[in-house]
Amino acid sequence: MSFAPITAAGGAAGAKTPANAGLRNVAIIAHVDHGKTTLVDAILRQTGTLRENAQVEERVLDWNELERERGITILAKNTAVFYGGVKINIVDTPGHADFGGEVERILNMVDGCLLLVDAFEGPMPQTRFVVQQALARRLRPVVVLNKIDRDGIRPGPVLDELLELMIDLGADEDQIDFPVFYASAKMGIADESLEAALAATRAVERGAAPLAVSRGVLPLIDAIVERIPPPTGDPEATLQLLISTLLWDDYLGRIGIGRLMNGRLRPGAIVGHGRGRDPARGDPGREVRLERIQGLFTFQGLKRLPIEEASAGDIVAVAGIEDLRIGDTITDPESPALLPPIHVDEPTLCMVFRVNDSPFAGRDGQYVTSRQLRERLEREARSNVALRVRETGSPDAFEVAGRGELQLAIVIETMRREGYEFAISRPQPILRQVDGEWWEPLERLVADIPQEALGTVMEKLGQRRGELVNMSPMGAGRVRVEFIVPARGLVGFASEFVTDTKGYGILSHSFAGYGPHRGPIPGRGRGTLIAWETGTATAYALQNLQDRGTFFVEPGTEVYEGMIVGISNRDEDIDVNVAKKKHLTNMRSSTAEITEKLDPPHPLTLEFAIAFLADDELLEVTPHHLRLRKRILSRVERWSKRARSGGPGPGAGAGGNGRE
């Protein structure tokens, strides 16, 4: 691949030097776990932004606790490096389609992108999603085939797949004429020559320093400066700053981050704050109001630094505007020029968050009221544009819609760690009516799996109303399959996929559009074990009930009537007394001996619990506990309701057994 030479100032050879020639704004976009954050770490170190011997954790941009635990990027981050007199603003974006709202608005701030692709896996569905967004904005890519240090790489076929993808997505000639770098972000190596990159990687594996055996990732940084154009914008034009990201600071309050499209900005300036209209999407906009900029910041390395002035093209952070929202414009108060607001694809799944009303409500949580729950969800929706929150018929319940199961799970876990206590319902697809017919959201799923797991995976996707659209061999005993699956059919599938492929499968999916509703999907196929009364689970009771199913609780666990304590072996619910105590006798026995005979409880993780939920069940979420429960806790009321609806009563039928 070749690309036109650019002068040191940043303009094409012989062209007039633009006012912001010393700036580059670039996003790093890729599929989950293809190495985005690791590459940024290498760039920060080799440009001197971080000392080589600095005691900093790997993946420095993943500062969020959940990001480090899950190994994914959830929130878009900003950093900047200085290289050869050029400031390079770098944005690390999420690679998971559930966080596509982050990706889409971040791309509004940049002029080019580093497109990372795993040299073994190739472009994945979420790669397609992000590339499509980048090409639509006419961003110029620099391609990086990463992880060349792993076994079985196939750089030639992967590059062909990527080229085919870009052509399929309508890339123009300039976008297709991209430079290609072969990299090992982990080793700190990137080179346009595969042979040179492999040789340097092997040397680093033997203990050499990246910059001692090569130029490290500096050739890639050269390409960023040369290939990606400087930002457009006139420093002397009317002020226009489009807010793309929101942060919260305990001292400064709300901070808005965005690209200064035109004009100049100084701290203390009086500005206009408004929002452009978008009638097509039902956005009425917002009238311009006067505000004062209390703080103005730029990014350098991992720091946010105060500055005295910013001009067109730079990415900045502003503080002092309390009700700032994503998509708002900061402009000249005397001659306001509002920019079109940012919009992202609509959510596809929703669930109800409600006040916890279980018998154990209020024991763990710091924030438990309806008002506190509403305020927290509304605050989340203001900073997370892919999330929607709306009122329901009940003042204690709120419908929260997102782009997928993972995004909703992250919101739940974040709130839980902040001290919130609440209950959630089963996720439901957001349907649309088209010509009198119900349509549902569909996902494009791609799975790379071992040959021996192919039958099991295809059978389960078929049960979930998946349609096979492509299947191709990958070599080394692996197969790649592509399905179109209803979004509701993927709830809980990821954990089953890991088990079915023994951890050797690779799974990804992205939004594919809406299509006709595909009919019912079989449920979990088994009933539940429901606590008969409130009390504490005993080893004696659990031992006598082990043949009824698998338990979520262990001796000493507090339970309440209507709480789900396990999975039944039957296809019906069973009420059981797990708090039953042994009657006193003259015979002595050891509780420890009984406990040793008990099967270990099934771990109740958040993802498992969300997938396990049925329509008549809720998940109680507290800072210290996850509890599954029936919506109607009283067994008598459950039986009465079932009898009124013509279902079986106690002692027979699904969910209606007598006491065990």
Multiplying the sequence separation of Ala199 and Arg570 by 0.36 nm and subtracting their Cα-Cα distance, what value in nm do you get? 127.6 nm
Grab the Cα-Cα distance for Thr414 and Glu173, subtract it from 0.36 nm times how many residues apart they are, and report the gain in nm with one decimal. 82.4 nm
Rounded to a whole number, what is D in µm²/s for the stretch 432-516 from Stokes-Einstein with the Kirkwood radius over alpha-carbon pairs (10 °C, 1.306 mPa s)? 120
Sorted from fewest to most neighbouring beta carbons within 10 Å, what does the list Trp248, Trp532 look like? Trp248, Trp532
May I ask you to list the trypsin sites (Lys or Arg not before Pro) in the stretch 172-215 that are in a DSSP loop and have at most 10 other Cβ atoms within 10 Å of their Cβ? Arg206
Please work out the Cα convex hull volume for the stretch 528-644 and give it in Å³ per residue. 116
Cα convex hull volume per residue for the stretch 240-331, in Å³, equals 98
Note down the relative contact order for the stretch 118-270 as a percent, whole number, built from C-alpha pairs under 8 angstrom at least six residues apart. 17
List, in order, the whole-Hz ³J(HN,Hα) value for each residue of the stretch 297-313 obtained from phi through the Karplus relation with A = 6.51, B = -1.76, C = 1.60 and θ = phi - 60°; use x for Gly and Pro. 9, 10, 10, 8, x, 9, 10, 10, 10, x, 10, 8, 7, 10, 10, 3, x
Rounded to the nearest 20 Debye, what is the dipole magnitude of the stretch 240-331 about its Cα centre when Lys and Arg each give +1 and Asp and Glu each give -1 at the C-beta? 140
Treat each spin label as a single point 7 Å out from the Cα along the C-beta direction, and report the Arg277 to Arg292 distance in nm. 3.2
The stretch 427-452 scanned against label point 7 Å out from Lys460 along Cα→C-beta; backbone N under 17 Å for 445-452
Work out how much length Lys597 to Glu164 would gain on full extension: take 0.36 nm times their residue separation and subtract the Cα-Cα distance, in nm to one decimal. 150.0 nm
Given backbone amide H placed at 1.01 Å from N, residues whose amide H is under 5 Å from that of Glu192, ignoring those fewer than 5 places away on the same chain, are Tyr182
By count of other Cβ within 10 Å, fewest leading, how are Thr538, Thr232 ordered? Thr232, Thr538
Between their Cα atoms, which of Lys186/Lys502; Lys580/Lys641; Lys87/Lys303 are more than 21 Å away from each other? Lys186/Lys502; Lys580/Lys641
For the stretch 464-506, fraction of C-alpha pairs farther apart than 14 Å, in %: 59
So if we plug the beta-carbon distance of Asp616 and Ser394 into 1/(1 + (r/R0)^6) with R0 = 22 Å, what FRET efficiency do we get, rounded to 0.05? 0.85
Cβ-based charge dipole, the stretch 432-516, positive-most Cα from Ala447, Ala512, Leu461: Ala447
Please compute the modelled spin-label separation between Glu334 and Met471, points set 7 Å along Cα→Cβ, answer in nm with one decimal. 7.1
Would you mind working out the magnitude of the charge dipole of the stretch 528-644 relative to its Cα centre, with +1 at each Lys and Arg C-beta and -1 at each Asp and Glu C-beta, to the nearest 20 Debye? 440
Quote the relative contact order of the stretch 240-331 in percent (integer), defining contacts as alpha-carbon pairs under 8 Å separated by 6+ residues. 40
Normalised contact order of the stretch 426-481, rounded percent, pairs of Cα under 8 Å and 6 or more residues apart: 32
Which order do Asp249, Asp41, Asp396, Asp500 fall in if you start with the one that has the fewest other Cβ atoms within 10 Å? Asp249, Asp396, Asp500, Asp41
Can you tell me the convex hull volume per residue for the stretch 349-429, based on C-alpha atoms, in Å³ to the nearest whole number? 86
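Every number in this text was worked out from the coordinates using simple rules, so none of it is lab data. A quick note: this is a predicted structure, and the numbers were derived from the prediction, not measured. Note that we place each Cβ from the backbone using ideal geometry, even for glycine, and neighbour counts take in every protein chain shown.
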